[in-house]
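The values are calculated or read from the model by the stated rules, or taken from the named source; none is laboratory data. On a predicted model such as this, the values are computed, not experimentally measured, just so you know. Heads up, the Cβs are rebuilt from the backbone with ideal geometry, glycines too, and the neighbour counts pull from every protein chain shown.
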Amino acid sequence: MQLSDFDYDLPDHLVAQHPPAERGASRLLHVAGSTLTDTQFSEFIHHINAGDVMVFNDTRVIKARLFGEKESGGKVEALVERVIDAHTVWAHVRASKSPKPGNKITFAGRWQAEMVERDDALFKLRFLDAENVFDILEASGKLPLPPYIERDTDSDDDSRYQTVYAREQGAVAAPTAGLHFTEAMLDALRAKGVTLAYVTLHVGAGTFQPVRVENIADHKMHSEIYEIPPATVDAIAAAHASGRKVLAVGTTSMRALESAAQSGELVAGRGETDIFITPGYQFKVVDRLLTNFHLPKSTLLMLVSAFAGVETIRKAYRHAVEHEYRFFSYGDAMLLERADHVGN
């Protein structure tokens, strides 16, 4: 398929610049083949049954954006892409002249880092202070909001651009389908008999990189680290054995699960994935997907088209635009039924 097959017109005013006034006060579009149902996210619990498994991505967004200066006085902005160890990161670096190996950068007037090496667009930085890099980022970094949110980060973002169940530090973008859930909603799901399971996939800045080739088969995905606990594998196996459904909360949970099942069987453990899910992909784990609305011509729009059907997604997005749903990270949600499950 071609990149142009995944384009659509979106008025600028539908791009959500702020979260809803209250967490969970979003709309929900239920998509089951040709049937589209407008509802509220508060009604989500009625769409899931006792014994079903919901899989959440428990990654935690780090304050990955740092500002500093080189020894020459030149300004530097770094966006941490991946934390390697307690003192070393891979980062995107913006400066008038790119730093060279051995160059020192001082961030926030207090933290010194050395540029170690470069790998294409990424720079390896080693922090020379005793503090753990996560502590440095928490103390002096800024939350990296997506590029389509055209404002500065404010104090509300520190909590609202983070899921209530975020645990494992390492993401530079939120798994945004999870932003809708409150503790009360999670408690209600447990009380209904729904099994809540977790994976970890640290979302990288590459999730916002545009596809630059017309033939999507030529696109190379960025790589991300994921981990699947044995308890999640067991819960999914038990659900499928009893005829229950597995619902992935977000495309990040989906990518982690499908990456860990490439052998045909879901396997626990830690890995690295650059899985690129496009129409024609045969899903191995996930039966239902909760997700937000995605950018035109994006790999995530390709993923949901593979899951629910290309024409189904085109129809759903036309409907969402016409009915003025809010789009992207702070926007509304969709509940998608897998194309080959509709009517079953």
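Could you pull out the residue among Ala320, Ala248, Ala256 that is surrounded by 22 or more Cβ atoms within 10 Å (Cβ to Cβ), under 16 Å from the mean Cα position of the chain (by Cα) and part of a helix (DSSP H, G or I)?
Details: Ala320 fails: under 16 Å from the mean Cα position of the chain (by Cα); Ala248 fails: part of a helix (DSSP H, G or I).
Ala256 is the lone residue from the list that is surrounded by 22 or more Cβ atoms within 10 Å (Cβ to Cβ), under 16 Å from the mean Cα position of the chain (by Cα) and part of a helix (DSSP H, G or I).
Which residues, counting only those in the stretch 166-220, are in a helix (DSSP H, G or I) and of a type in the set (A, V, I, L, M, F, W, C)?
Within the stretch 166-220, the first condition is being in a helix (DSSP H, G or I), and the residues that meet it are 176-180, 183-192, 205-208, 216-218.
Within the stretch 166-220, Ala177, Leu179, Ala184, Met185, Leu186, Ala188, Leu189, Ala191, Ala205, Phe208, Ile216, Ala217 meet the criteria.
How many residues are within 18 Å of Lys63 (Cα to Cα) and aromatic (Phe, Trp, Tyr) if we restrict to the stretch 174-190? Don't jump to the end; show me each part of the working.
Let us first name the residues in the stretch 174-190 that are within 18 Å of Lys63 (Cα to Cα), namely 174-176, 179.
Then drop every residue that is not aromatic (Phe, Trp, Tyr), which leaves none.
Counting residues in the stretch 174-190 that are within 18 Å of Lys63 (Cα to Cα) and aromatic (Phe, Trp, Tyr) gives 0.
Within the stretch 191-237, can you find the residues that are at pLDDT below 95, farther than 17 Å from Asn57 by Cβ and either among the acidic types (Asp, Glu) or in the same structural domain as Leu122 (by TED's automatic domain parsing) (or both)?
Glu214, Asp218
Please go through the stretch 123-181 and give me each residue that is among the basic types (Lys, Arg) and in contact with a strand residue (DSSP E or B) (Cβ under 9 Å, 6 or more places away or on another chain), ordered by number.
To start, the set of residues in the stretch 123-181 that are among the basic types (Lys, Arg) comprises 124, 126, 142, 151, 160, 167.
Matches in the stretch 123-181: Lys124, Arg126, Lys142, Arg167.
Under 8 Å between Cβ atoms, at least 6 apart or on separate chains: pull out the pairs that start in the stretch 69-84 with a residue that is within 23 Å of Gly206 (Cα to Cα) and end on any residue that is surrounded by 13 or more Cβ atoms within 10 Å (Cβ to Cβ) and among the charged types (D, E, K, R).
Pairs that qualify, where the first residue is within 23 Å of Gly206 (Cα to Cα) and the partner is surrounded by 13 or more Cβ atoms within 10 Å (Cβ to Cβ) and among the charged types (D, E, K, R), are Val76/Glu69; Val76/Lys70; Glu77/Arg65; Ala78/Arg65; Leu79/Arg65; Val80/Arg65; Ile84/Lys124.
Would you mention how many residues in the stretch 109-132 are part of a loop (DSSP other than H, G, I, E, B), under 28 Å from the mean Cα position of the chain (by Cα) and not acidic (Asp, Glu)?
Total satisfying the criteria: 2.
Can you confirm whether the stretch 275-284 contains a residue that is modelled with pLDDT of 95 or more and part of a helix (DSSP H, G or I)?
No; the residues of the stretch 275-284 include none that is modelled with pLDDT of 95 or more and part of a helix (DSSP H, G or I).
Listed here are the residues, each with its yes/no results for (1) in contact with a helix residue (DSSP H, G or I) (Cβ under 9 Å, 6 or more places away or on another chain); (2) among the hydrophobic types (A, V, I, L, M, F, W, C); (3) outside any strand (DSSP E or B).
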site: His30; (1), (2), (3): yes, no, no
site: Glu43; (1), (2), (3): no, no, yes
site: His46; (1), (2), (3): no, no, yes
site: Met54; (1), (2), (3): yes, yes, no
site: Leu66; (1), (2), (3): yes, yes, no
site: Glu69; (1), (2), (3): no, no, no
